[in-house]
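Heads up: the structure comes next, in structure tokens.
The values are calculated or read from the model by the stated rules, or taken from the named source; none is laboratory data. Model, not experiment: these values are computed from the prediction. For the accessible areas, the whole protein counts, side chains as well, though only heavy atoms, and no ligand, DNA or RNA atoms are used. Shrake-Rupley method; radii C 1.70, N 1.55, O 1.52, S 1.80 Å.
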Amino acid sequence: MTVRKLTGKTEFDSAIQNGVALVDFNASWCAPCRAQAPIVEKLAENFSGKAMIAETDVDENRDAAVAYDIRSIPTLVLFKNGEEVERLVGLQSEETLVEILEKTI
């Protein structure tokens, strides 16, 4: 499974409503975001069928970034049935993200 790209607020809200979803708020010009990308891609493969792994560009999806009070990128937000359960700001290790996903699933 690949990382799902969420491009609008309506699509974003719909995508996180059911089950577990990890969303990477990022931007193409952000170096730490580019470093986070391969880790997020690996999570998408490893958690296929268990959790949705997604990303949204804060420049292209400002409505979602504002709605979820994203002030720094990368920010990774873990949702369960539409509710935020965890937020991590800055570059995160694969181990940290696996741990929060496994405890939420």
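How high is the relative contact order of the stretch 1-79, given as a whole-number percent (alpha carbon pairs under 8 Å, six or more residues apart)? Could you put the intermediate results ahead of the total?
Numbers: 119 pairs, mean separation 39.9, N = 79.
That works out to 51 percent.
Need one value: the accessible area of ASP13 in square angstrom, 1.4 angstrom probe, rounded to the nearest 10.
40 Å²
Show that you can apply the helix-only estimate: for the chain, add -39,500 (n - 2.57) for every DSSP H stretch of four or more residues, divide by all residues, and state [θ] at 222 nm to the nearest 500. Display every interim value, and only then the final one.
On the way: 4 runs with 40 residues, N = 105.
Rounded to the nearest 500, it is -11000 deg cm²/dmol.
How many Lys pairs in the chain lie less than 16 angstrom apart by Cα atoms, where the lysines are 8 or more positions apart or on different chains?
5
In Å², what does the accessible area per residue of the chain work out to with a 1.4 Å probe?
53 Å²
Of the listed values (1) 13.3; (2) 14.4; (3) 16.2, grab the one calculated as Kirkwood radius over Cα pairs in Å from the structure here.
(1)
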